[in-house]
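What follows is a short report on a single structure.
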């Protein structure tokens, strides 16, 4: 990912929080057989002694990519936060110079690391509990994996495999009009705050 210095996010804790906030990601495998991407929800497990942690997800046992992951040296997980079109009409400098063009603001985090396939049923059950609890915690009546019949969940566990990625590198890019003068940033923020859709308002919050 190309990251100019003014859009670079180096704060590892922020990047980890972005992954938690936008945890539905893209698992990319590239080897001699080509490139394959799978869309999956991830759970970020903290690491010890300052490590970047572990990304955990699961795939259908029938998904052929699992054989490729078993022999893959490294994989890439891509997470994307809010994004929004930026109109030149939102820049006060448009009236002054006319030297403005449209652009797009967005947040993206790339995690690279080594992956392993996990078939242990206890690990898989624990993973499903963590993943579910993470998203159910804000519900008025949180659902738990334990709410489903045991024989039903046991059959489902047998139909999946786990993937755990030991994160070796996190790369973050937050393109939030940082390269614009303050009055242009204010104009973009104000326009996005009243724009339609959750994405626009979420991006507005990232503009300082």
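The values are calculated or read from the model by the stated rules, or taken from the named source; none is laboratory data. None of the values given here were measured: they were computed from a predicted structure. Glycine also receives a Cβ, built like all others from the backbone with ideal geometry; neighbour counts cover every protein chain displayed.
Within the stretch 185-198, the set of residues being at pLDDT below 95 and not in a loop (DSSP other than H, G, I, E, B) comprises just one member, 198. In the stretch 13-25, the residues that are in contact (Cβ under 8 Å) with a residue 12 or more places away in the chain and at positive phi form no Cβ pair under 8 Å with any partner that is in a helix (DSSP H, G or I) and exposed (fewer than 13 other Cβ atoms within 10 Å of the Cβ), whether six or more places apart or across chains. Filtering the stretch 36-50 down to residues that are out of contact with any strand residue (DSSP E or B) (no Cβ under 7 Å at 6 or more places or on another chain) and farther than 25 Å from residue 132 by Cβ, which residue is surrounded by the fewest Cβ atoms within 10 Å (Cβ to Cβ)? Restricting to residues being out of contact with any strand residue (DSSP E or B) (no Cβ under 7 Å at 6 or more places or on another chain) and farther than 25 Å from residue 132 by Cβ, the top hit is 49.
For the stretch 160-208, the candidate set comprises residues that are loosely packed, with under 13 Cβ neighbours inside 10 Å and within 30 Å of residue 119 (Cα to Cα); within that set, the residue that is farthest from the chain's Cα centre (by Cα) is 168. For the stretch 4-26, does any single residue satisfy the condition of being at pLDDT 95 or above, part of a strand (DSSP E or B), surrounded by 14 or more Cβ atoms within 10 Å (Cβ to Cβ) and out of contact with any helix residue (DSSP H, G or I) (no Cβ under 8 Å at 6 or more places or on another chain)? Yes, there is a match, as at least one residue in the stretch 4-26 is at pLDDT 95 or above, part of a strand (DSSP E or B), surrounded by 14 or more Cβ atoms within 10 Å (Cβ to Cβ) and out of contact with any helix residue (DSSP H, G or I) (no Cβ under 8 Å at 6 or more places or on another chain). Looking across 110, 127, 135, one residue alone is modelled with pLDDT under 95 and in contact with a strand residue (DSSP E or B) (Cβ under 9 Å, 6 or more places away or on another chain). It is 135. Of the conditions (1) crowded, with 16+ Cβ neighbours inside 10 Å; (2) modelled with pLDDT of 95 or more, residue 100 satisfies every one except a single condition; which number is it? Just one mismatch for residue 100, condition (2). In the set (1) farther than 29 Å from residue 135 by Cβ; (2) touching a strand residue (DSSP E or B) at 6+ places or on another chain (Cβ under 8 Å); (3) not in a loop (DSSP other than H, G, I, E, B), residue 95 fails one condition alone, (2).
Mind listing just one residue for me: the one in the stretch 98-130 that is assigned to a helix (DSSP H, G or I) and touching a helix residue (DSSP H, G or I) at 6+ places or on another chain (Cβ under 9 Å) and, of those, farthest from residue 59 (Cα to Cα)?
To start, the set of residues in the stretch 98-130 that are assigned to a helix (DSSP H, G or I) comprises 121-130.
Next, from what is left, pick out any that are touching a helix residue (DSSP H, G or I) at 6+ places or on another chain (Cβ under 9 Å): 121, 124-125, 128-129.
On the way: 121: 14, 124: 11, 125: 13, 128: 12, 129: 16 Å.
Top of the filtered list is 129.
Only residues that are in contact with a helix residue (DSSP H, G or I) (Cβ under 8 Å, 6 or more places away or on another chain) and part of a helix (DSSP H, G or I) were counted in the stretch 155-179, giving 2.
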